[in-house]
Amino acid sequence: MAEDPVIAFPPDIPTQAPPRKGQKTPVPRGQYKTRGIVLHAMKYGERKLIVHILTARYGRRSYIAKLSAHNNGRGLYQPLFILDFDAWAGRGELHHIEQLQMAFSLSNLPFDIVKSTIALFLAELLYRLIQEGEPDAGLYRFVEESVAELDAMEDGAANFHLWFLVRLTEYMGYAPRDNYEAGFSLDYRNGTYTSQPPLHTLTMPPAEATLFHTLSRCMPGELSRIGLSREQRVSMLEHLTDLYGFHTDAIYNVNSLRILSEIF
């Protein structure tokens, strides 16, 4: 079994309690240094990219990155790559990336088809769910630690996206009350486990509710012990999509959701 990854969080990541959801942070001006996780990149003109990056201090922000003619550096802006970079903020909303490097080396994620597909899905999911400029240090730590865990894990990666979606509900405000008992269903309209299935359809049956509870309490290193068939993974992903869809329709704009279902 791989050793747990060790992450040295930079001074940029605040130690105080994370801001309340929706709380804005002052927009930086001039030059500053930060660390961030790449969520989305798109071509802008001939030699530029617009890159959406999740940072701890400034939340999700949009940056312009210049690409050189000989070594364009686009390979650093891959889904869930973690970067340390200098940025410059002028009068416009888009900040400019001036210097960047990998915060730490990812040894498996870029080259493993299973892990890279999961990274593509999670990056797009976060890009759709997280609003611009809403900092949440706790969420950032969770995502960065998850990237390191996914890169390092040797077994159980096929269940990782389900674990991540379950744990992410805690940071998005979607997590149910912790009143689980064996045989209960999960009523995600009212955010609670229930012994009697509700009359509405916004519910997970006992099998999926049990898996949700199990995933909410386990660590990534324990995912290999959860034996799931492809049908069980697809069913759980569909129920999790419905749970997120009840709170926001952003989940239905995640194009890589279909790819994930086909592979797993």
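Descriptive notes on the structure:
- Cα-based shape type of the chain, given that a ≥ b ≥ c are square roots of the gyration tensor eigenvalues and the cut on a/c is 1.5: prolate
- Cα gyration tensor, the stretch 155-264 - rounded (a/c under 1.5), prolate or oblate: oblate
- Prolate/oblate/rounded label for the stretch 96-172 (Cα gyration tensor, a/c 1.5): oblate
- Ranked packing of 145-156, 198-209, most packed first, by mean Cβ within 10 Å: 145-156, 198-209
- Sparsely packed trypsin sites (Lys or Arg not before Pro) within the stretch 73-120, loop by DSSP, other Cβ within 10 Å at most 16: Arg91
- Positive end of the dipole of the chain (Cβ unit charges, origin at the Cα centre): among His95, Met204, His239, the Cα lying farthest that way belongs to His95.
- Only DSSP H runs of four or more residues enter the estimate; each adds -39500 (n - 2.57), and after division by the residues of the chain the mean residue ellipticity at 222 nm equals -10500 deg cm²/dmol.
- Two-decimal log10 I(q)/I(0) for the stretch 32-102, as the Debye equation yields it once each C-alpha is a single scatterer, q = 0.17, 0.20, 0.24 Å⁻¹: -0.54, -0.76, -1.13
- Assuming charge only on the beta carbon of Lys and Arg (+1) and of Asp and Glu (-1), the dipole of the stretch 32-102 about its Cα centre is about 100 debye to the nearest 20.
- Fraction of beta bridges assigned by DSSP in the chain that are antiparallel (%, nearest 5): 90
No lab work stands behind these numbers, since they all come straight from the coordinates. From a predicted model like this one, the values you see are computed outputs, not experimental measurements. For neighbour counting, all protein chains shown are included, and Cβ atoms are generated from backbone atoms with ideal geometry for every residue, glycine included.
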